[in-house]
Amino acid sequence: MAQVKKPWVRETILAAARRLFRAQTYEATTLAQISREAGVSSANLYVYFESKLDLLYAVYEPWMRSRITLLEEKLKGVDSPFDGLRLLLRTLWKEIPAEENGFINNIVQALSTAGAHDKYNPSLLEWMEERINAMIFETLPPARRRVVYETRLAHMLVMALDGYAIHNHINPRGVADEQTIDAMARLLLGEAPVRSRRKA
């Protein structure tokens, strides 16, 4: 007879996993630790989640969706294409990688250590790319919107997000600088970059 799943047990497990992933990373967190933190047996944990990766997805997906949705809302109040692109890029490359003790690095760790038996679900990545693509399209002046169609621009921005997540993990003070963000915004707008003056 199949065990009846109780929503409150699932939420308790998710809350415990969220705390541990945020505090000590995916790699350092074990299912046994999550079971203890949640106050459930390891066998009971497997009733709700197939693997540690499955559990991370359940924690990570709503976390990331909420951040992308909030970014969409913020962009609605920005009139300048340059300022809108800077907000989008700063959020993706600077704010999200640093948020909650570099929480995003958990998914990078998980996917880089996944085995053949682990199931990869691309639905969140596809949703993110679709939403980011739409935000870029809406932010760009009409004459520049062709760059959204002619490249896999959103995919490249998400891959850069993963890179900044790793960079934030090893050097929290070195996340994307404003000059990089400005240069990318100007590139998307088809403008010449502003040359920085470096001291010799």
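Any read-out appearing in this document is the output of simple, stated calculations on the displayed coordinates, not a laboratory observation. Treat the numbers as computed from the prediction; the structure is a model and nothing was measured. Note that each Cβ is placed from the backbone with ideal geometry, even for glycine, and that neighbours are counted across all protein chains shown.
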Between residues in segment 119-142 that are of a type outside the set (A, V, I, L, M) and residues that are part of a loop (DSSP other than H, G, I, E, B) and surrounded by fewer than 16 Cβ atoms within 10 Å (Cβ to Cβ), which pairs lie under 6 Å by C-beta distance while being six or more apart or on different chains? F137/R145
Selection from segment 26-77 of residues that are among the hydrophobic types (A, V, I, L, M, F, W, C), without any contact (Cβ under 8 Å) to a residue 24 or more places away in the chain and surrounded by fewer than 19 Cβ atoms within 10 Å (Cβ to Cβ): A28, A32, A43, L70
Counting only residues in segment 127-147 that are touching a helix residue (DSSP H, G or I) at 6+ places or on another chain (Cβ under 6 Å) and β-branched (V, I, T), the one nearest to P62 (Cα to Cα) is identified as I132
Inside segment 1-14, can you point out the residues that are loosely packed, with under 13 Cβ neighbours inside 10 Å, in a helix (DSSP H, G or I) and not charged (D, E, K, R)? P7, W8
Answer yes or no: is there a residue in segment 82-95 that is in contact with a Leu (Cβ under 7 Å, 6 or more places away or on another chain) and without any contact (Cβ under 8 Å) to a residue 24 or more places away in the chain. yes
Go through segment 27-73 residue by residue and tally those that are within 18 Å of N121 (Cα to Cα), under 20 Å from the mean Cα position of the chain (by Cα) and among the charged types (D, E, K, R). 4
If I filter segment 34-64 down to residues being polar (S, T, N, Q) and touching a helix residue (DSSP H, G or I) at 6+ places or on another chain (Cβ under 6 Å), which single residue comes out as nearest to A98 (Cα to Cα)? S35
